[in-house]
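Read the structure below first, then the notes.
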Amino acid sequence: MSEIEEYLSNVDEKRSEAFHKLYDVVKDSIPSGFEEMITYGMISFVVPLESYPNGYLGRVDEPLPFVSLAAQKNHIALYHMGIMGNKEILTWFEEEYAKQVPTKLNMGKSCIRFTNVKNIPYDLIGELMTKITMEEWIASYEKYMNRKENAKK
């Protein structure tokens, strides 16, 4: 059994069906090039080191994360790193979420939390996955890191 299959088989029964469906939506909708693996104890879709050898935060042995899914104690979490630095996509997502979901968006910088599995907007999440290609994510990440470096000088 792979690490991902093991993770999926251990999702709490109350959230298992919703988590599997969300996982399938993300996996089926994410642009090509991303690699699926377990990172930070979550199912993650990352930029493979072959495509971005600089790695995450300069760690040449750690792929650049893009989207991760976690089954937490009280919610399902979707971490979308690309939404954090892209105001246009973030605004689009917040507006569409408000139109489609009766409950308030529960979100941190990159973490979207789903406490009620009945209110997961699967189609919206699928559309969100298509908004940023791997190449666009790498460019956005590098721009962010360059700004951070320049701010130190």
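The values are calculated or read from the model by the stated rules, or taken from the named source; none is laboratory data. Since this is a predicted model, take the numbers as computed values, not measurements. Note that we place each Cβ from the backbone using ideal geometry, even for glycine, and neighbour counts take in every protein chain shown.
Scanning the stretch 73-100 for residues that are among the basic types (K, R) and within 24 Å of Y141 (Cα to Cα) turns up just one, K87.
For the stretch 61-72, filtered to residues that are assigned to a loop (DSSP other than H, G, I, E, B) and out of contact with any strand residue (DSSP E or B) (no Cβ under 6 Å at 6 or more places or on another chain), the residue that is nearest to K143 (Cα to Cα) is D61. Across the stretch 57-79, the number of residues qualifying as over 22 Å from E17 (Cβ atoms), in contact with a Leu (Cβ under 8 Å, 6 or more places away or on another chain) and of a type outside the set (D, E, K, R) comes to 2.
What residue, among those in the stretch 66-98 that are more than 20 Å from E5 (Cα to Cα) and polar (S, T, N, Q), is surrounded by the most Cβ atoms within 10 Å (Cβ to Cβ)? My answer is N86.
Looking across the stretch 34-60, the residues that are surrounded by fewer than 14 Cβ atoms within 10 Å (Cβ to Cβ) and in a loop (DSSP other than H, G, I, E, B) come down to Y40, G41, E50, P53, L57, G58, V60. Before we move on, is E6 acidic (D, E), outside any loop (DSSP other than H, G, I, E, B) and closer than 18 Å to M129 by Cβ? Judged against the criteria, E6 is not a match. A Cβ distance below 7 Å, combined with a sequence gap of six or more or placement on separate chains, defines the contacts here; from the stretch 9-29, residues that are closer than 15 Å to S44 by Cβ reach residues that are part of a helix (DSSP H, G or I) and not charged (D, E, K, R) in the pairs L22/Y122; L22/I125; Y23/L8; V26/I125; V26/M129. Taking the conditions (1) surrounded by 15 or more Cβ atoms within 10 Å (Cβ to Cβ); (2) out of contact with any Gly (no Cβ under 9 Å at 6 or more places or on another chain) in turn, P63 satisfies each one other than (2).
Has the stretch 73-84 got at least one residue that is in a helix (DSSP H, G or I) and in contact with a Pro (Cβ under 8 Å, 6 or more places away or on another chain)? Yes, the stretch 73-84 contains at least one residue that is in a helix (DSSP H, G or I) and in contact with a Pro (Cβ under 8 Å, 6 or more places away or on another chain).
Taking the conditions (1) assigned to a loop (DSSP other than H, G, I, E, B); (2) free of Cβ contacts under 8 Å to residues at least 40 places away in the same chain in turn, I132 satisfies each one other than (2). Identify all residues within the stretch 11-21 that are touching a helix residue (DSSP H, G or I) at 6+ places or on another chain (Cβ under 9 Å) and either surrounded by fewer than 15 Cβ atoms within 10 Å (Cβ to Cβ) or farther than 17 Å from K73 by Cβ (or both); write none if there are none. If the condition is that a residue be touching a helix residue (DSSP H, G or I) at 6+ places or on another chain (Cβ under 9 Å) and either surrounded by fewer than 15 Cβ atoms within 10 Å (Cβ to Cβ) or farther than 17 Å from K73 by Cβ (or both), then D12, K14, E17, H20, K21 are the ones that fit.
Considering the conditions (1) over 24 Å from K14 (Cα atoms); (2) modelled with pLDDT of 95 or more; (3) assigned to a helix (DSSP H, G or I), K148 is excluded by exactly one of them, (2).
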